[in-house]
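Every number here is computed from the coordinates shown, using simple stated rules; none is lab data. Quick caveat, the model's predicted, so the values are computed rather than measured.
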Amino acid sequence: MPITRDESIASLRLLVCMAKADGVLHDEERPLLEEAFGELELPAGVTLQWLLDEPADVYALLAELPSIEAREHAYAAVYALACADGDCSAPERALLVHIREALGIDVVRDVELAQAFAPRHQLVAPSGTPVLDAMAREAEARSATRKCAIVSALLGAFPFPGLSIATDLMIVGLQVGLARDIGQLWGHQLDYAQAKGILAGFGVGTGARIAVSNLLKVFPGWGSAFGAASAYASSHAVGRVMHGYFEAGRGLDAAELARRFKQAKAEGKQAYADDAENIEQRKRERGAELAALERRLEAAEIDASHFEREARRLAE
C-alpha cells in the first residue's frame with residue numbers, strides 16, 4: 001500500500017541528507033537530484049529548493065517513518081543513492097549504517113542490496129551484423145526500442161516489496177542492452193561498462209534516479225501506474241537518443257544527450273499512452289507468470305540474467 005504524505009516527504013529529505021553526508025551538496029550532485037526530483041508533483045507547500053536546501057535532522061526524519069513499508073523503501077533508496085555508482089564514501093557508509101540501525105533494517109538487507117548492485121560487466125553481447133540500409137536500420141532500432149519499452153513497463157508495473165530496487169536495476173540492464181543492440185546496428189561494439197557509462201552521462205541508471213524511482217512507486221497517487229509509464233518512457237528515450245548518438249558519429253556531448261533524453265522521454269510518455277491498451281492486455285495475460293518469476297528471483301531460485309531472459313519472452 002502507498003506510504004503516507006508525511007512519510008514520502010521524510011523519505012525525500014532523507015535522500016538529501018545522504019547526498020550531504022559529508023556536510024555539503026556538491027555541484028555534481030545537485031543537478032542529479034534536481035533532475036530526479038523534477039519528475040515529482042510535489043505536495044502543496046513543498047518546493048524543490050526547500051527539499052534541497054532546508055536543514056534537516058536525520059533523527060527527526062527517521063522518526064517520521066513509522067510504517068515498515070516506508071522504512072524498507074526509504075532504506076533501499078538511500079542505499080541506492082550512496083552505493084549505486086560504486087563510490088560510497090566513508091561519511092556515506094557511516095550514515096548508511098546509522099540509518100539502517102535506526103530503522104531496524106536487518107543487516108542481511110545490505111547483503112541483498114550489494115548483490116543487486118554488483119557490477120555486471122561480465123555480460124557479453126553477441127556479435128551482430130551492421131545494417132547498412134538507413135530505413136531498415138531505423139525500423140530495427142524502433143522495433144528493438146518498443147520491445148524494450150514494453151518489457152520495462154511490465155517490470156515497472158509490479159512494485160513487489162523487497163524487489164523494487166531489483167526490478168529498477170533490471171530495467172537499467174535492459175536499457176544498457178538496448179544501447180548495445182542499437183550500436184551493433186551501426187557497426188559499433190560496446191561492452192556493458194561502455195554502454196552503461198554513456199547512459200549514465202545523461203542520467204540513466206544513476207543512483208539518484210534509481211533512488212527516487214524506488215520511492216515514487218509507493219508514493220500516494222503514484223504506484224504501479226507511475227512505474228509502468230516511467231519505465232516505458234525512459235526506455236523509449238534511451239532507444240531514440242542512442243540511435244541519434246550513433247547517427248551523429250558518437251560526437252554528441254553529455255549535455256546534448258541529456259537535452260535529447262528529456263525531449264524523447266516526453267515523447268515516450270505519449271507513446272506509452274498509445275501502447276497502454278496493449279501493455280494492459282499483456283499484464284492480464286502474463287502478469288501471474290511474471291509475478292511467479294519475481295517470487296523465484298526473491299527466493300534465489302533464479303538469477304537476474306535468467307529473470308531478464310524470461311521477462312523478455314513473456315513480453316513477446
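Helical content alone sets the calculated 222 nm signal of the chain at -23500 deg cm²/dmol, taking -39,500 (n - 2.57) per DSSP H segment of four or more residues and averaging over every residue. Counting only alpha carbon atoms, the long axis of helix 68-83 and the longest principal axis of the chain meet at about 60°.
Mind checking the log10 I(q)/I(0) for the range 5-116 at q = 0.12, 0.17, 0.20 Å⁻¹? Debye, one equal scatterer per Cα, no solvent, two decimals. Taking Cα atoms of the range 5-116 as identical point scatterers yields -0.39, -0.81, -1.14. Between helix 254-298 and the chain there is an angle of about 80 degrees, using the helix long axis and the longest principal axis of the Cα atoms.
Computed over every Cα-Cα pair of the range 176-238 and binned at 10 Å starting from 0, the pair-distance distribution P(r) comes out as 20, 44, 25, 10, 1 percent. Whole-percent P(r), the range 134-315, all Cα pairs, 5 Å bins from 0: 1, 8, 18, 22, 21, 15, 9, 4, 1, 0. With one equal scatterer per alpha carbon and no solvent term, the Debye-computed log10 I(q)/I(0) for the chain at 0.08 1/Å reads -0.35. Expressed as an acute angle from 0 to 90° and rounded to the nearest 10, what is the orientation of the C-alpha long axis of helix 90-103 relative to the principal long axis of the chain? Approximately 70 degrees, to the nearest 10.
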